[in-house]
Amino acid sequence: MNAIAAETRKALSHAPVVWAMLCGVVLPVLLAAHNAAGIRTDLAAGIPDADPTGIGTTELMLAAAAAAVIGVVVVGSEFVAMPNELGGGRQATTTALATPSRLRCLGAKLLVTTVLLVVMAGIVAVATLLSAHALLGAYAPELDATSWWQAAAGAAYVVSYGLLGFAVTALLGNGLVPLIYLVANQTVISVGYLLTLRWSWAWYLPDTSVMALMRTPPDPGQPGAAVAFATAVAWLVVLFGAAAVVTARREP
């Protein structure tokens, strides 16, 4: 419990984590409202190509980018060198003195990160869906079981993507490369998705399997939600297992 409390305080003391949580909720909701208002205007004008499908869920890509920041920063901050006026070294050294068991420390970080991601993902998935539904007005599809299932799949997508960032950072012992790749993957261009356009096996990569959880309508060769979820979980188990082995042997 002491390790969990310490990791909670440590995580919430990082400004990037707090800002990522705020942006991960606010920006997707604003984008969903903007997109829904635009689609409503087009539908009212009789534009045939206007389609409200996906409004309220596709915006969660921004939340996934924020989740990646949270996952990377929580564990990656351990490997950042501290200023000389604070004694130099890395935070990992201080953490090792306070919590000698590295696996216990990693487990505490994982638990705290998961809770933060679940809270953020749950809020943003519901808020984005309701925001889009309200702005679409009379053109909004009915909020049925399918809509809520898509929201749940979107929340799982956000959480899984954040945990992917955590696992890769813990494995590499460096957060810069995972941070750049995972954030760019959601906001600029997805290398994994480009591969899926040519090879269907690319849907089973770590990042694309997570993406397939909520991509509707599905692309050709894309696995169903159940297969995508199982694939994403399998990748996370493998990566966390490898990270645990490396962490146990890594010099503090």
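The values are calculated or read from the model by the stated rules, or taken from the named source; none is laboratory data. Bear in mind that the values here come from a model prediction, so they are computed numbers and not experimental data. All Cβ positions, even for glycine, are placed from backbone atoms using ideal geometry, and neighbour counts span all protein chains on display.
Some observations on this one:
- Single residue of region 128-175 satisfying the filter (part of a loop (DSSP other than H, G, I, E, B) and either of a type in the set (Phe, Trp, Tyr) or touching a residue at least 24 places away in the same chain (Cβ under 8 Å) (or both)) that is surrounded by the most Cβ atoms within 10 Å (Cβ to Cβ): Gly175
- Scanning region 101-127 for residues that are farther than 22 Å from Asn2 by Cβ and buried (at least 21 other Cβ atoms within 10 Å of the Cβ) yields a total of 5.
- Under the condition of being part of a helix (DSSP H, G or I) and surrounded by fewer than 16 Cβ atoms within 10 Å (Cβ to Cβ), the residues counted in region 182-194 number 4.
- All positions within region 8-65 that are of a type in the set (A, V, I, L, M, F, W, C), in contact (Cβ under 8 Å) with a residue 40 or more places away in the chain and assigned to a loop (DSSP other than H, G, I, E, B): Ile55
- Any hit, region 73-83, residues being in a helix (DSSP H, G or I), exposed (fewer than 14 other Cβ atoms within 10 Å of the Cβ) and at pLDDT below 90: no
- Residues being of a type in the set (Gly, Ala, Ser) and free of Cβ contacts under 8 Å to residues at least 24 places away in the same chain are represented in region 200-210 by at least one member.
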